[in-house]
Amino acid sequence: MKKTAAPPPPPVDRKPRSQKQLRLFKGIALLLPFLFLALLEGALRLFGYGHDLRLFVEDSQHPGFLVMNQFASQKYFTETANATFGNFEPFRKHKADGTLRIFVLGESTTIGYPYMHNGSFHRWLQYRLTRTFPEKEFEIINLALTAVNSYTVFGFAQELAAYQPDAVLVYTGHNEYYGALGVGSTSSIARSPKLVRFVLRLREYRVMQLIGNVVASLKRTVSGQSPDLRENLMKRMAADQQIPYQSAVYQQGIDQFATNMNDFFQVLSEQNIPVFISNLVSNEKDLKPFVSASGNPARSAQAHYQLAKTNYASGRFKEAKQAYVQAKELDLLRFRAPEAMNQTIQALANRYPHVTLVDTKAYFAQHSPHGILGQETLLEHVHPNLFGYALLSDAFYESLKKRRIITTDGRPELSFAQLRQQMPITDVDSLQGAYEMMILREGWPFNEPMPPEEKRPKTIEEQLAGGLVVKQISWHDAMNQLAAHYANANNPAKTLQVTEALLLEYPHDAGLYTQAGKLAVTLDRNDQAVTYLKKAFQLENSFERAQQLFITLLKQDRPDEALPYLQYASSHNPSGFNLNELQSFVKQLVRIKQQYSKDTTNVDLSNQLAAGYLKFANARAATKYVQKTLRQDRQNPIALKLNQQIQSLKNQ
Amino acid sequence: MEFLKDFWLFVRERKRYWLLPLFVVLLLLGLLTVFTTGSALAPFIYSLF
């Protein structure tokens, strides 16, 4: 039988839709995309695609501590592969009583480029504060990232209030043109702060991260991977990225900065959080303009720079300063923030009572010949040298004091001169900065040839710094190798410096404090030793730490402070060595000292103290009291006899 | 543009008008991403800061 095609189904008799039904279907159609996106978002989260971009996450290595999320920066970089990383400085999830918690926000200068680690101004500040207030806890957490600008500062600030900061320190403004989301780095429609912030909020969703990654990979495919891509781009950049003074893009950069910083101050002011914002410093004298307009000399950065140099050479420093600043303003490559940024900072600081302007520029000018900023404080266009970073920290330190965030109340402080002398910046740190600078200056837009390599064997410091620059070795390993080298060379001062450098990086490491304490004892820096040993004991109680502490404290004639550690050692004594006699002796010393403090001319008491110390071969403390007696009575027979015993003890 | 035209013809022919909102939202998100993308030059100057 021949098969015939099945007849078409009879048309369905559809009833016309009512208006109500049509409205419902339209509504569903409109909701569909959101339902689809929600489902996709859920699926992406379920399968672990993308990242949580919160500012802080639990520190997996330190339970009970939070740390900056390594993915937090990805929100601000279109291509996540370009996202820069910051410091990972853990802080307690629950802020301890009496702790001063300070967050630091900003860009490459804020994170201490090119030295990073302890070169950064916040570490100078941290060292000074811990030395001036050894008993106080400081958490100074640097959240700065290289290549970011006011969008990141504002974005991070929105999350800060929940973490109870006592102050927020800010240094930002140089990256408004070419940093991530800078007006010179994005298309013209993306120069509206409101639109950019909306997109930044969207990037928290995994769907947007997916779309971003797809767009980035499409861009990569289209642009290709030509080996001379970078070179070509650099050449194009000089032409494409020029931003003339007072042009529309120039103004957009300032407006973007003003909008973000205003909202940043508002967010923190609403929470009554004190903010300290520094004005910006740039190299005026020792950096010729990157790109200068040709033609009209009035618009030429180079012409102003030449004029400035002539004025400077002729001793007309006021005119020279003006011309140098104008040369910077006219530089078509806006790597240095224009003066308008500083005016914006000043105006906003005046508007908000919780905001304090930190006049770093004045500090730099004060330490620059004729007040003109140059190589004395800066390495290249904007980044300070080590002296500059110390100055930056000093500017913030003095402002914190002025606003009574820290109160010295007459206590001896670590002066700026002492800070510069004692700050544990190792030779490796400073060499690393120097090498980084050489590499930077060799490329565009500096194009300065690298100095010829010296033909001589490299020192260990040079080897380690070189390894750091090419990322062959981590900073932690470099410091450990350096410390081992100095220890082998029997150089406790240098070993202590490296240990202190490590301590600034790892302030919760009890072992490092113990090591620093022991080295300080070796160097007879007993006050420093006590500070470090106390910190070590506070972090991790142990018999050895308690023993080291009470011995050092007794050496320094501080029996009242030694007693609790002695009691701890006595009750946690693994050696079985009897400490009871020493305990009762120390208690006795405490009593005699109390009596002596009321009658400092009583030679019987000073002799008793000297004899007591001598009983346990503490020649240093015994000498102190013998001398006190002899000052009252030069012929005192007991003191003279004790003195002889001290001498024979020293000669043993 | 050819793609958009084809898409519109498809929607009209098959009467799949419910696809339009979904398409528009995805298009908007894509455009937002593209227009707020940094220039190709930006990553190379990041190392300067």
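The values are calculated or read from the model by the stated rules, or taken from the named source; none is laboratory data. Bear in mind the structure is a predicted one, so any value in this text is a computation, not a measurement. No Cβ is skipped: glycine too gets one built from the backbone with ideal geometry, and neighbour counts run over all protein chains shown. Just the protein is used for accessible areas: all its heavy atoms, side chains included, with ligands, DNA and RNA removed. Shrake-Rupley method; radii C 1.70, N 1.55, O 1.52, S 1.80 Å.
Observations, loosely collected:
- Seen against the Cα atoms of chain A and their longest principal axis, helix A:580-598 is set at about 90 degrees.
- Taking all protein chains together and a 1.4 Å probe, the residues A:107, A:454 rank A:454, A:107 from largest to smallest accessible area.
- Taking a Cβ cut-off of under 12 Å around residue A:475, the surrounding Lys, Arg, Asp and Glu residues balance to a net charge of -2, with basic ones at +1 and acidic ones at -1.
- Buried between B and A is an accessible area of approximately 3200 Å², summed over both sides with a 1.4 Å probe.
- Net lengthening on full extension, residue A:314/residue A:450 (0.36 nm per residue, minus Cα-Cα): 45.8 nm
- For residue A:148, residues with placed amide H under 5 Å, excluding near neighbours: A:108, A:180
- Nearest 10 degrees, 0 to 90: helix A:206-223 Cα axis against chain A principal axis: 70 degrees
- For the range A:462-515, chymotrypsin sites (Phe, Trp or Tyr not before Pro) meeting the loop criterion (DSSP other than H, G, I, E, B) and having at most 13 other Cβ atoms within 10 Å: none.
- Using the Cα coordinates of the protein assembly as shown, the gyration tensor eigenvalues translate into equivalent-ellipsoid semi-axes of 61, 35, 23 Å, sorted from longest to shortest.
- Each label point was placed 7 Å from the Cα along the Cα-to-Cβ direction; for residue A:366 and residue A:136 their separation is 2.1 nm.
- These residues, A:394, A:427, go from largest to smallest accessible area, 1.4 Å probe, as A:427, A:394.
- Virtual paramagnetic centre 7 Å along Cα→Cβ of residue A:441, amide N under 17 Å, in the range A:81-115: A:113-115
- Theoretical FRET efficiency, 1/(1+(r/R0)^6), r = Cβ-Cβ of residue A:632 and residue A:584, R0 45 Å, to 0.05: 0.95
- Only protein heavy atoms count here; under a 1.4 Å probe, residue A:156 has an accessible surface of about 10 Å².
- Once the Cβ-Cβ distance of residue A:246 and residue A:472 is raised to the sixth power relative to R0 = 35 Å, the FRET efficiency obtained is 0.15.
- Inter-label distance, residue A:96 to residue A:595: 3.8 nm, where each label sits 7 Å from its Cα along the C-beta direction.
- Sites residue A:650 and residue A:405, calculated FRET efficiency, Cβ-Cβ separation with R0 41 Å, nearest 0.05: 0.30
- Per residue, in Å², the accessible surface of the range A:16-91 once ligands and nucleic acids are set aside, probe 1.4 Å: 62 Å²
- Distant-in-sequence amide H partners of residue A:291 (H built 1.01 Å from N, under 5 Å): A:332, A:333
- Rounded to the nearest 10 square angstrom, residue A:476 shows an accessible area of 70 square angstrom against a 1.4 Å probe.
- Counted charge near residue A:530, where neighbours are those whose Cβ lies closer than 9 Å (Asp, Glu -1; Lys, Arg +1): 0
- Diffusion coefficient, µm² s⁻¹, Stokes-Einstein with Kirkwood Rh over alpha-carbon pairs of the range A:65-174 at 20 °C and 1.002 mPa s: 149 µm²/s
- Its convex hull of Cα atoms gives the range A:468-519 a direction-averaged projected area, equal to a quarter of the hull surface, of 3.6 nm².
- C-alpha long axis of helix A:317-330 to longest principal axis of chain A, angle in °: 40 degrees
- Mean residue ellipticity, 222 nm, helices only, chain A: the sum of -39500 (n - 2.57) across DSSP H runs of n ≥ 4, divided by residue count and rounded to 500, is -17500 deg cm²/dmol.
- Values of log10 I(q)/I(0), in the order q = 0.20, 0.22, 0.23 Å⁻¹, for the range A:595-652 under a Debye, Cα-only, solvent-free model: -0.62, -0.74, -0.80
- Counting only protein heavy atoms and using a 1.4 Å probe, the accessible area of residue A:88 comes to about 100 Å².
- The modelled label-to-label distance for the pair residue A:46/residue B:7, using points 7 Å beyond Cα in the direction of Cβ, is 2.7 nm.
- Rg to Rh quotient for the range A:320-449, alpha carbon positions, Kirkwood Rh: 1.01
- Exposure ranking of A:41, A:398, A:319 by accessible area [1.4 Å probe, largest first]: A:319, A:398, A:41
- Distance distribution note for the range A:527-652: the fraction of Cα pairs above 20 angstrom is 47%.
- Positive-end residue of B:36, A:538, A:623, charge dipole of the protein assembly as shown with Cβ unit charges: B:36
- Within the shell defined by Cβ-Cβ distances under 14 Å, the residues around residue A:112 carry a net charge of -4, with Lys and Arg each +1 and Asp and Glu each -1.
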